[in-house]
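Please treat every number below as a calculation from the coordinates, not as lab data. Note that this is a predicted model, so its numbers are computed, not measured. Neighbour counts are summed over all protein chains in view; Cβ atoms, including those assigned to glycine, are modelled from backbone coordinates with ideal geometry.
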């Protein structure tokens, strides 16, 4: 574990009992050029996403002063993920996943440039902002499926767990820096944030263009309903995968505290946009530290039990944050929240990737995006709506309690997952 700056809190040491140094751990996946290019693209893409999210959230709340309007931001990203899930999965399996990622990066660059033009001309109407957010949602729907499915084709199977952990660390690195940078740049005006965001998406596009995946292109002679829904049937035929996705779905749906961070920052902690960026970065710091740890060790035993433990801890950390009245105490709870979520993501990602054939990974990843990835945005909508009805603090606390109850229920509903001992 070590005593370095990224050592996780003591409670995580218990979660990693039974873990051992990974045979292909550390930074082994960087031996492969294609993974390195993917890693760079993922960092800049995630950096742009986080900057634009914090800027749009602050801008919408500044213009409207409404928690409900803030929740609609998440809904504008969620709906494209749901409506385009099946087409996105098909595209990821039928076409070169590199080309899909390049096209999505180009679309995101276009949307960010649109926000830049809107901000610099002063035409910052809320409906127009929502329309551009929908464009981001479309891009994320297709890039999410292709991005998840492409990782196993960049490294040999023995390096997959290491690649997943490092890929997560890339996302978390950008998530740590992105909100803080976005909040800082916002002080110079929203046009500055959106201009830098467009540049980051452009760099991501160039890096994706350098990736050469070795995946299987599974292009049927004729599209059919069976081909479209193969990912859904596959997940429902695997109770362990279904249980892991269901558990994370409801945990994220109920524990969507991050959607209300602008309200906590402005009305409870009385901080500026930079303070909001620090709050948004705290979960990513916890997740980043945990992702580095997971890149060097492997959870070998009691995988299912560990999954339920970290989801329960995620819920308790959410409750702690909701009850916090001190800025730095709240950041501590957000750190624990992010670290516990990282362990959950690591276990779930490995289970899905290891048990899914390459020719189906796009469609399975697309369904996973709906069940889990898009639930982040739906959770933001749920949190914003609930906060508008009962207030932000009760909304966050009740969501955290609900997450703990979901973990207890799923442990009984999916005994195969609870008893799962190893990833493979």
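Descriptive notes on the structure:
- Tensor-based shape of segment 131-218 (alpha-carbon gyration tensor, a/c under 1.5 rounded, otherwise prolate or oblate): prolate
- A value for Cα Rg over 2.2 N^0.38 Å was derived from the coordinates, and within the list (i) 1.04; (ii) 1.12; (iii) 0.92 it appears as (iii).
- Tensor-based shape of segment 92-140 (alpha-carbon gyration tensor, a/c under 1.5 rounded, otherwise prolate or oblate): oblate
- Per-residue Cβ neighbour rank within 10 angstrom, fewest leading, 121, 403: 121, 403
- Shown here: segment 330-424, whose C-alpha atoms stretch 45, 27, 27 Å along the first, second and third principal axes, sorted largest to smallest.
- The distance between label points at residue 326 and residue 390 comes to 2.7 nm (points 7 Å beyond Cα on the Cα→Cβ vector).
- This ranking places 206, 279, 107 by how few other beta-carbon atoms lie within 10 Å of each, fewest first, which gives 206, 107, 279.
- Cα convex hull of segment 235-342 - mean projected area over all directions, nm²: 7.4
- Here each label is just a point 7 Å from Cα along the line to Cβ, and for residue 405 and residue 296 those points are 4.1 nm apart.
- Here the convex hull built on the C-alpha positions of segment 59-133 has a volume of 81 cubic angstrom per residue.
- Tensor-based shape of segment 183-301 (alpha-carbon gyration tensor, a/c under 1.5 rounded, otherwise prolate or oblate): prolate
- Proxy reagent accessibility, fewest Cβ within 10 Å first, across 208, 61, 39: 61, 39, 208
- Gap separating the Cα centres of segment 277-349 and segment 79-119, nearest whole Å: 29
- Among 212, 412, 361: highest mean-square fluctuation, GNM of the chain, C-alpha pairs under 10 Å: 412
- Here the gap between residue 30 and residue 355, fully extended at 0.36 nm per residue and compared with their Cα-Cα distance, gives a gain of 114.6 nm.
- Inter-label distance for residue 128 and residue 110, nm, one decimal - labels placed 7 Å from Cα along Cα-to-Cβ: 1.8
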